[in-house]
Every structure is written in C-alpha cells, then in structure tokens.
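Read the structure below first, then the notes.
The values are calculated or read from the model by the stated rules, or taken from the named source; none is laboratory data. Given the structure is predicted, the values throughout are model-derived calculations rather than measurements. For neighbour counting, all protein chains shown are included, and Cβ atoms are generated from backbone atoms with ideal geometry for every residue, glycine included. Note: areas computed on protein heavy atoms with side chains; ligands, DNA, RNA excluded. Shrake-Rupley method; radii C 1.70, N 1.55, O 1.52, S 1.80 Å.
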Amino acid sequence: SQTIHQWPATLVQPVGSPLSLECTVEGTSNPNLYWYRQAAGRGLQLLFYSVGIGQISSEVPQNLSASRPQDRQFILSSKKLLLSDSGFYLCARGGPNYGYTFGSGTRLTVV
Amino acid sequence: AQTVTQSQPEMSVQEAETVTLSCTYDTSENNYYLFWYKQPPSRQMILVIRQEAYKQQNATENRFSVNFQKAAKSFSLKISDSQLGDTAMYFCAPTYDYKLSFGAGTTVTVRA
C-alpha cells in the first residue's frame, strides 16, 4: 500500500497564528515526499521536497517551512500565517518510475 | 521548475464523444516522464496516464490516450467515449529531475 494520510481536511486559522500540517505515508521505506499548494482553480505549485530524513529542499521562497523527522512523516509549518498562505495543500510521494500518489489534501483558509 | 502550458481553460463534450486536451512544456532535459492527472470535485488527484519521453510509442490506458511529440514538446490527452464520471479538472505534468511540474489545468465537463 502506498497510502498517504493527511490531516486535517479543513482548517481555518487567523492571520499570525502558527500552522502544522502533517502527512504520513505507508509502504516502501525512504520515499521521496513532496508538499504542493493549489490556489483556487489553478495548478499545483511545488513547495518542498524531501529525499530522506532531515533532507528538505525548498522550491520557492515563502512563509512556510517543512521538516521530515521520521522516514514516513512530512510536516509543513509556519510560525505566523499570512492571508496569502490560504490554499489547498497536498502531500505526495513517489517518483517518475512508479508514479506519484497524492493525499486527500488540506484546505487552509487564513482569516 | 518548467513552464507547462494548457491553453484550454475549459472544454465541454457530449457523453460518448471524444475530447482532446492540449499541453506544451519547456524542458532542457532529454530523459523525463510526462503525466496526466485528473482532479474531480473531491479534489483527489488521480493518475490518468504516464508516458516515458524516451519511448516513441504513445501510451494508452483504456479510453485515454496521448499524442506525444517530443521535438515539439507537446503532450496532448484524448478522452474517447466520454463518460459523466470523466468530468474533472485535468492537469498535464512533466517531470524535471524527479519532481512534477503542473500546468494550470483544463476543466472538462461531460454533458448527458
């Protein structure tokens, strides 16, 4: 199983509050993991990716950070949310050879 | 990241008919992969079809097929015998390194 667990499904947070979104995956060890953000009616933008524990690469400068404390755990965080952080956040695993699997996503609204 | 262009924001098709979605991309890589993903109203991302750039044969998956033109950097998706369940947003996504880069998507509506 390559199941991805993402929670919460929906989150409403005030501006300036902290954020922690968690993603855990099942299946083969040492997966490549990704965080994507999707603005309303738009495509997915890659935020972070990780090829192993403690290894995080950022694709775009932003108000967010990511961590991978365990092999199958990937966390997206912010110390102080901005209105522009609102969006749909998707965790994914995989690679080009076997394809990519996505979690069910978290809809974040910053108010 | 790559630039991925899906020039058709919306497409409408009659049930049982055929629709073709266009995608062009920009890459400097020679070996890469291309994907089409479907996102229904549930927002779950579902893999539709996968193509390896080094293979000349176009991929097919049941009613879904692609027309891959490597020199033109074009990767179109054809949906044959459209069904109501095909209503969704469709994303073209080529890889760079091992990461996916997404187009803005095409919303496909299948009419009964």
Of all accessible heavy-atom area on the range B:48-112, the percent that carbon and sulfur account for (1.4 Å): 45 percent
Of all accessible heavy-atom area on the range A:9-111, the percent that carbon and sulfur account for (1.4 Å): 53 percent
Other-chain or far-sequence residues with amide H under 5 Å of A:LEU81's (modelled H): A:GLY16, A:SER17
Histogram of C-alpha separations across the protein assembly as shown, 5 Å bin width, %: 1, 7, 15, 18, 18, 16, 12, 8, 4, 1, 0
Under 28 Å, Cα to Cα: Lys pairs in the protein assembly as shown, sequence gap 8 or more or different chains: 15
Packing-based ranking, highest mean first, of A:45-57, B:28-40 given that Cβ atoms within 10 Å are counted: B:28-40, A:45-57
Residues of chain A: accessible area per residue with a 1.4 Å probe, Å²: 46 Å²
Estimated vicinal HN-Hα couplings, Hz - the range B:45-57 in sequence order (Karplus 6.51, -1.76, 1.60; Gly, Pro = x): 7, 10, 5, 9, 7, 9, 10, 9, 5, 7, 9, 6, 6
For B:VAL66, net neighbour charge (Lys/Arg +1, Asp/Glu -1) across residues whose Cβ lies under 13 Å away: +3
Given charges at Cβ of Lys, Arg, Asp, Glu: chain B dipole, positive-most of B:VAL110, B:PHE75, B:ASN31: B:ASN31
Per residue, in Å², the accessible surface of the range B:39-84 once ligands and nucleic acids are set aside, probe 1.4 Å: 57 Å²
Diffusion coefficient, µm² s⁻¹, Stokes-Einstein with Kirkwood Rh over alpha-carbon pairs of chain A at 25 °C and 0.890 mPa s: 176 µm²/s
